[in-house]
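Structure, as structure tokens:
A short reminder: the numbers here are calculations on the coordinates, not readings from a lab. Source: prediction; values computed, not measured. Note: ideal-geometry Cβ built from the backbone for every residue, glycine included; neighbour counts use all protein chains shown.
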4 protein chains.
Amino acid sequence: MLVIMKNDATESQVEAVVREIKRMGYRGIPIPGALRTAVCITGNEGPVDDSRLLSMSGVKETVRVTKPYKLVSKETRAQPTVIVVGQVAIGGGKPVVMAGPCAIENETQTLTIARIVKEHGAQVFRGGAFKPRTSPYSFQGLGEEGLRLLKKVREETGLLVITEAIDHTNLELVEEYADIIQIGARNMQNYSILRRAGRSTRPILLKRGFAATIEELLMSAEYVMAAGNTDVILCERGIRTFADVTRNTLDLSAIPSIKELSHLPVVVDPSHAAGRSEYVIPLSRGAIAVGADGLLVEVHHDPAHALSDGRQSLDAEQFASLMRQIT
Amino acid sequence: MLVIMKNDATESQVEAVVREIKRMGYRGIPIPGALRTAVCITGNEGPVDDSRLLSMSGVKETVRVTKPYKLVSKETRAQPTVIVVGQVAIGGGKPVVMAGPCAIENETQTLTIARIVKEHGAQVFRGGAFKPRTSPYSFQGLGEEGLRLLKKVREETGLLVITEAIDHTNLELVEEYADIIQIGARNMQNYSILRRAGRSTRPILLKRGFAATIEELLMSAEYVMAAGNTDVILCERGIRTFADVTRNTLDLSAIPSIKELSHLPVVVDPSHAAGRSEYVIPLSRGAIAVGADGLLVEVHHDPAHALSDGRQSLDAEQFASLMRQIT
Amino acid sequence: MLVIMKNDATESQVEAVVREIKRMGYRGIPIPGALRTAVCITGNEGPVDDSRLLSMSGVKETVRVTKPYKLVSKETRAQPTVIVVGQVAIGGGKPVVMAGPCAIENETQTLTIARIVKEHGAQVFRGGAFKPRTSPYSFQGLGEEGLRLLKKVREETGLLVITEAIDHTNLELVEEYADIIQIGARNMQNYSILRRAGRSTRPILLKRGFAATIEELLMSAEYVMAAGNTDVILCERGIRTFADVTRNTLDLSAIPSIKELSHLPVVVDPSHAAGRSEYVIPLSRGAIAVGADGLLVEVHHDPAHALSDGRQSLDAEQFASLMRQIT
Amino acid sequence: MLVIMKNDATESQVEAVVREIKRMGYRGIPIPGALRTAVCITGNEGPVDDSRLLSMSGVKETVRVTKPYKLVSKETRAQPTVIVVGQVAIGGGKPVVMAGPCAIENETQTLTIARIVKEHGAQVFRGGAFKPRTSPYSFQGLGEEGLRLLKKVREETGLLVITEAIDHTNLELVEEYADIIQIGARNMQNYSILRRAGRSTRPILLKRGFAATIEELLMSAEYVMAAGNTDVILCERGIRTFADVTRNTLDLSAIPSIKELSHLPVVVDPSHAAGRSEYVIPLSRGAIAVGADGLLVEVHHDPAHALSDGRQSLDAEQFASLMRQIT
């Protein structure tokens, strides 16, 4: 349930409402809007008796939320959320491009690729320092050394950096270095990392699990928001189906679905879904066309010698071509 | 295997090659190209001994085909096939829009919708006269009466018409009326209708079955081509997955996949995949952006009263908006 | 809606009810039961006004059917249907085994395998004369010659024979030879063949399409029953999923689901689902354990040299072992 | 690669081989067998030069491992692993039944259910103290209080207890109380918890993720084994497909697949897959029939009032019936 405050409600009236909600055994989360504030009631299992709240000063009305998610819902906030990091606005109408290698390999590779993606117009540099890998025997990333290289990228190029945190204790370290923290598809329902992400001051990019419904993705975002972090970027990256030409099936209908249900921005990762660089450019055009707020794309200066996922990485020329085609 | 003829090979040399292939127990299908003719050998289970063929006059070389499909393969024909029907070229670079109601209901409905889609720039009118329906108790279409209304649409508006044939004997009747014959998703592996379609003089629009791989779709098109009809248009219309916001998951990566493997044109039906009109416009934009050669869209002048699938039909205003957005 | 007749209702009272239903614009199908007859009303889109029917003599009450399917529903007939063909009862408690090669290859192969499956206790011989094949260049079966060999199997061994009809005109020929007519997974929603099967006097074994829901399978069976043939055997044969160790994923939960919703018998084809003979025996045990009324199993005396699907065929020894394990 | 030691190789010869492998830059893990020891080489990306190893004393031969997983593979250990916990042997031929409520609710509920499952023959009590829940607003379990109740169950009934750990720091606490630690489907690719589980002295029950292939499941088990814990029990609990009668599709072909590829025991959880108690008994029979080493079943003395998942819980009478049917 949402408690809608009057346009001229005072801060102390809002606080009183939050206190009353707490007294009722729930939790009230104030959501400031352009004109007025709403207070979202969470923690109730069934319907809430709003008679006492409606009689409080400053309260205009109450609105039932019909979805299992609340804070992420368009019912709670009608206008799109724009997440501003440094000079970059995600969700603000202009698609944001986050590009870079699958894994941070070494300083030369990292800076070379960073300069390429910067030159062609990317705003955010992506690169994995901690890599969740199917096999325990595969390269698991450079770890903190990789994070230091990301910091160097920011210092040298001015690009923002995004990188993945792989569990709730690891997030502690990642947030020291990253401008945006990625939570990977395999961790979409790891509630410990979601709760910890909710206490971070960094924006969170949350990838859809490859067997997750849209509602489950939104519920996972709700974990982050309910813990206090309102800066959540959703990411469609392909789902598991019987189709076998691509690694996963990029579900571009997820974009209008999410836009209909939630105010949060949503970007698309065509690289992991396709699994092959040949399809990354057309799928990127498709993603922007259906209304995505940005792209997360793998780029490598020398894909044939990439430590991981070279098969799906664009080279410099292909990335330049992509940027021309989507802008 | 392909037998590549020399640029100056004569018709009788080609015929001699076809005869020799027949003598070997296979079938040779001449495929004329811009510069020279190739003869495709079909019917062989294993490798073909080409020594005799290579020694024949007019023969330049032989090329092994590595895919299970041959005639539909890019290996057999590198340049894209353009299918010309009346004034409309499908596959020629400019997307073709085929629009109209799910089912032909009556003369007024049909002509009203035909005028709407014509006015906003569609080139082909779609409408079902024979409807394959999950329930034996649902409206199964007007039958031949529906076909006569389609003929009237062509006469009154100049639009081409496309409609579905539901089995191999029914195709006989449908080809008297339709400019393009649709084979529906449920019939994609009904080989009797595919073989009969291969003997038709009309172009065939073949929809991907909702659990079909790209290879299976191409193999079904191969049935049509192997029986003699080279005018096949493929259609992506969504696949079955666990995802539940849309009726099916539109697999837009199918478009670059098909373009990579085959020379045939491919269009997208966003209406059946989405199951909801709200998503049809963004998915249509996405389809064109990934490189589709056209769209198959459901339009109804009064969706709320449509006899079938009103939920996913665009009304006149939405269709006008769609046409503005994709051209 | 069902019109339940009184226990002592006369035949002419039932006929009067059928006539009245016809007068109302619907169709009434009498369903005789052990104690009394019900008349199922089909063809109505919305609710039926039953006031006139309730006042007719011999009518006890009316019952609304809540499912989209009627004749196949347990609501219409509570006790399980037992289909008796010759000496074999399908659905009568004792699992029936239908076994034989994927394709009829020649007389020696056919009779050899028939003797093997007979010896070890199968009641029905399976073998394809008309083979729906993904590739137009693959062996498509011996055709009518194959049917004649099936007839010979029946004459020599006394086994019943089941074989596939591939379209509605082909079914005409198949029913001259087969004791049970199979409709394959790819034809599950080919409504022309379903309607024709509904006018056959042979029992129909209807395979679940590999992307069909249980409701869709039941609706397809409803097509057959609505056209007049009440002898329908359902068959689970695996669905398409992302899982890749087996060819398809055998959905054994389909068995209790179907048993809950319908009175029709249901058998399992583990061979096509598994795609590998190693898994056929455990999956067969599983099928019987969950309550299947029988098995459809591929057996070949020399799998390594089978013309098709040898990879998933049991040899004589494996089949003997299977029969020991399930009886 | 496996280094197979001679039957009479001494411990110091094995140690020398491990040292040599380390010197080569890899890691050697001794795997004692009934007759002789093998040393598994992990950490290599490509082929290993075994010339030096072959010349060492006590070494019989080397064997290449063809799968991406090694320690879990049947190539490494041909005979089935039997995991003994207290008096219970998992994988030893006799199916083990682990039964109890979805969530630990309070002492009365817990002990009541424990007595029921004990009475009817279960060997292990299951119950969630920490519950990963889709919604942040749902009941997340009693936490450590729930663990204490599990301890009480063991003390009062003598049943072993299994419960879920939800992240790598939480596992620390869970292993103090549980006899077997469960890692849930959503955490199957949470490598932090897998690595931590690999350092536990408790057996680990690892559930298959609902979009995981068999190979991915085995790779996740490999994480646990590579970190030192050889006691891993795999669990099939249903995969996500389009099928909609059950919550997930129980993939019983996973059992023979796993048995073919790995020596680890595998159990089945029919409750979560089915989502409805009606299907739990037939699916349990099916699981045992295909060869599962045990079951994980939800039981509640009062399903209608269960705090979570009552819909799929067996009541006392149903559980008694299940136990009669599978033993």
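In debye, nearest 20, what is the charge dipole magnitude of chain B about its Cα centre with +1 on Lys and Arg Cβ and -1 on Asp and Glu Cβ, if you could check?
Once rounded to the nearest 20, the dipole reads 600 debye.
Run the label-point distances for residue D:89 please: 7 Å along Cα to Cβ, every other copy, nanometres, shortest first.
For residue D:89, the inter-copy label distances come out at 4.3, 7.0, 7.7 nm.
Just for the Cα atoms in the range D:11-101, what are the lengths along the principal axes, largest first, rounded to whole Å?
The Cα atoms of the range D:11-101 stretch 53, 27, 19 Å along the principal axes, largest first.
Of B:86, B:28, B:228, which is the most mobile in a GNM of chain B whose springs link Cα atoms less than 10 angstrom apart?
Answer for the Gaussian network model of chain B: B:86.
At residue C:47, label 7 Å along Cα→Cβ: distances to the other copies, nm, ascending?
2.5, 7.3, 7.7
Running a GNM on chain B with Cα contacts under 10 Å, which residue among B:316, B:289, B:99 ends up with the highest mean-square fluctuation?
B:289
Taking only Cα atoms of the protein assembly as shown, what ratio of Rg to Rh do you get with Rh as the Kirkwood inverse-distance radius?
That ratio equals 0.97.
What do the square roots of 5 times the Cα gyration tensor eigenvalues come to for the range A:73-192, in whole Å, largest first, as semi-axes of the equivalent ellipsoid?
Semi-axis lengths for the range A:73-192 are 24, 21, 12 Å.
Lys and Arg at +1, Asp and Glu at -1: add these up for the other residues within a Cβ distance under 15 Å of residue A:93 and post the number.
Once all neighbours under 15 Å are counted, the net charge is +1.
From the C-alpha coordinates alone, can you work out the Kirkwood hydrodynamic radius of the range D:112-264, in Å?
Kirkwood radius, the range D:112-264: 16.3 Å.
For a Förster distance of 45 Å, can you work out the FRET efficiency between the beta-carbons of residue A:12 and residue D:173, rounded to the nearest 0.05?
Using R0 = 45 Å, I get an efficiency of 0.60.
Relative contact order for the range C:2-63: what percent, with Cα pairs under 8 Å and sequence separation of 6 or more?
The normalised contact order for the range C:2-63 reaches 47 percent.
With springs connecting C-alpha atoms under 10 Å apart, model chain C as a Gaussian network and identify which of C:284, C:135, C:220 has the largest mean-square fluctuation.
With Cα springs under 10 Å in chain C, the top fluctuation among C:284, C:135, C:220 is at C:135.
Anything over 27 Å Cα to Cα? Flag those among C:74/D:259; A:22/A:74; B:131/B:151; A:70/D:151; D:6/D:67; D:131/D:151, in the order listed.
Over 27 Å Cα-Cα: C:74/D:259; A:70/D:151.
Average partner chain C-beta neighbours within 10 Å, per residue of C:158-167?
1
Give me the three principal axis extents of the range B:2-63 from the C-alpha atoms, as integers in angstrom, largest value leading.
30, 20, 18
Between the range B:69-109 and the range A:118-153, what is the C-alpha centre distance in whole Å?
Using only Cα atoms, the two centres lie 45 Å from each other.
Residue by residue through the range B:196-207, what is 3J(HN,Hα) from phi via Karplus (6.51 cos²θ - 1.76 cosθ + 1.60, θ = phi - 60°)? Round to whole Hz and write x for glycine and proline.
Along the range B:196-207, the couplings run 5, 4, x, 9, 8, 8, 8, x, 10, 9, 10, 7 Hz.
Residue C:133's amide H: which non-local residues (gap 5+, or another chain) put their own amide H closer than 5 Å, with H modeled 1.01 Å from N in plane and none for Pro or chain starts?
Correct list: empty.
Any chance you could give the angle, 0 to 90 degrees and rounded to 10, that helix C:144-157 forms with the longest Cα principal axis of chain C?
Taking the Cα atoms of chain C, the angle to C:144-157 is about 90 degrees.
Nearest 500 deg cm²/dmol is fine: what mean residue ellipticity at 222 nm does the protein assembly as shown get from its DSSP H runs of n ≥ 4 alone, each adding -39,500 (n - 2.57), divided by its residue count?
Taken over the protein assembly as shown, the calculation gives -10000 deg cm²/dmol.
Can you give me the angle between helix C:11-23 and the longest principal axis of chain C, using Cα atoms only, in degrees from 0 to 90, rounded to the nearest 10?
Once rounded, one gets 90 degrees.
Which far-off residues, 5 or more places away or on another chain, put their amide H under 5 Å from the one on residue A:308, with H placed in the peptide plane?
Here A:103 satisfy the definition.
Find the eigenvalues of the gyration tensor of the Cα atoms of chain B, then list the square roots of 5 times those eigenvalues as equivalent ellipsoid semi-axes, largest first, in whole angstrom.
Semi-axes (√(5λ), whole Å): 38, 19, 18.
To test your reading of the geometry: what angle, between 0 and 90 degrees and rounded to tens, separates the Cα axis of helix B:280-290 from the longest principal axis of chain B?
Roughly 20 degrees between the two axes.
Measuring nothing but label to label, 7 Å from Cα along Cα→Cβ, what are residue D:244's distances to the other copies in nm, shortest first?
For residue D:244, the other copies' label points sit at 0.9, 2.7, 2.8 nm, shortest first.
How large is ³J(HN,Hα), in whole Hz, for each residue of the range D:52-64 in order, when computed from phi with the Karplus curve 6.51 cos²θ - 1.76 cosθ + 1.60 and θ = phi - 60°, using x for Gly and Pro?
3J(HN,Hα) across the range D:52-64, in whole Hz: 5, 5, 5, 8, 7, 6, x, 8, 8, 6, 10, 10, 6.
Search the structure for amide H atoms under 5 Å from the amide H of residue D:294, placed 1.01 Å from N in the peptide plane, and list their residues when 5 or more places away or on another chain.
D:96, D:268
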